[in-house]
1. Ranked by accessible surface with a 1.4 Å probe, highest first, in what order do Y307, Y219 come?
2. Projecting each Cα onto the charge dipole of the chain (Lys/Arg +1, Asp/Glu -1 at the beta carbon, about the Cα centre), which of N4, F123, S43 comes out farthest on the positive side?
3. Mean residue ellipticity at 222 nm from the helices of the chain, using -39,500 (n - 2.57) per DSSP H segment of n ≥ 4 over the full residue count, to the nearest 500 deg cm²/dmol?
4. What does the convex hull of the Cα atoms come to per residue for the range 15-72, in Å³?
5. What GluC sites (Glu not before Pro) in the range 27-118 are in a loop by DSSP, with at most 12 other Cβ atoms within 10 Å of the Cβ?
6. Debye calculation, C-alpha points only, no solvent: report log10 I(q)/I(0) for the range 129-274 at q = 0.10 Å⁻¹, in the same order as the q values.
7. Which entries in K108/K332; K128/K287; K24/K183; K17/K183; K215/K325; K183/K238 show an alpha-carbon gap greater than 28 Å?
8. Tell me the carbon and sulfur percent of the accessible area for the range 31-135, rounded to whole percent, probe radius 1.4 Å.
Amino acid sequence: LANNKTYEETKSDITAKLERSMKKLVEDMYKRGVITKDLKAYSIAKDTRSGRVQGNPKIHKHNNPFRTIVNGRNHPTEKMAEFVESELKEHVRSLPSFIQDTTDFLSKVSNISELIPNNTLLFCMDVKSLYPSVPRKEAREVVRAALNSRSKKLVPTEDILQMLDFILQNNNFSFNGKHYIQKEGTAIGSRLGMNYASTYMGEWESQLLNASTCKPSLYFRYVDDIWGLWTDGEEELKRFHRLANTIHPNIEVDLRYSEDKIEFLDVLVKISNGKITTDIFSKDADKHLYLHAKSSHPNTVKKAIPYGLGVRARRICSDDTTFQKQKNEITKQLEKRGYDKQRVNCELDKVEQLNRNEIA
């Protein structure tokens, strides 16, 4: 925290002051008829506290970088942040690159009917620490445009921007008896997160694609994770990556690429005989510590675990051979957790009868 330009130490805990200021802001908006009585009541937080710093070491990455997470539960701005985030949802879902989740990604790549050219590269780019890196000044203008495009403007754009400013400028937290405030981006752990960051990234990638002479033949993004197909050669892909890192000094992206396979989200994507195939991807650090069979949870819960894992495998695996391999893996993993092999196989056999297209 002391060596990070994103955070600044404050002399004292300013939470009580923020709670009063937030209440005053909400009361003023209600008096002007900007927000409803229900939204006013929902936005005014009680018994608030400052954010709490938590950490997530990325043990699957080199040197185990540490992700700083600010727990924003019961923070004065928590409810307001949730509202602003929801107002950006419509815009984010309208972005051409938008991927909602693994299922959405699978449905898009499974619709690729034409053969993939032999010189195609699979590539992924991901933004380093996106949430704390979102440039507030530039993001504010992008958010303004997004809010102006809403189909239902229940709260005027300028008033939501006022809420946005209050949230971002007052993201305070404590650690080891010291107090801090975040000066840039939004906090990992804040209710103002995915949609806010994705709204800015929509503009960022628009600038990137417009500036690049060579473009991906296919391009999708899940928040800060980008997946695509590239047909213009390795050197042009590296040039595209370098260009990506010039769009804004705050946004730095890593590049991975391969001629045959690459992991994206929890999917291993391959090119086989000119077609896209998919399999489950698990990080080396994943110990598959599913609920133990001797747990006191109801039997219905434990029975649902092999079935649920089977459905996930059926959805992700693009062919029966890959699915059979994953069935065997699931059985081994659950046996280690005390599950009866015969019962597990019974649930997985039910999944095998499902039509993949209907669950994908």
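The values are calculated or read from the model by the stated rules, or taken from the named source; none is laboratory data. Worth saying up front: this structure is predicted, and the values here are computed from it rather than measured. Ideal geometry is used to build each Cβ from the backbone, glycine not excepted, and the neighbour counts take in all protein chains shown. All accessible areas refer to the heavy atoms of the entire protein, side chains included, with ligands and DNA or RNA removed. Shrake-Rupley method; radii C 1.70, N 1.55, O 1.52, S 1.80 Å.
1. Y307, Y219
2. Going by the Cα projections, it comes out as S43.
3. One gets -13500 deg cm²/dmol as the mean residue ellipticity at 222 nm.
4. About 115 Å³ per residue, rounded to a whole number.
5. E114
6. -0.45
7. K108/K332; K215/K325; K183/K238
8. 47 percent
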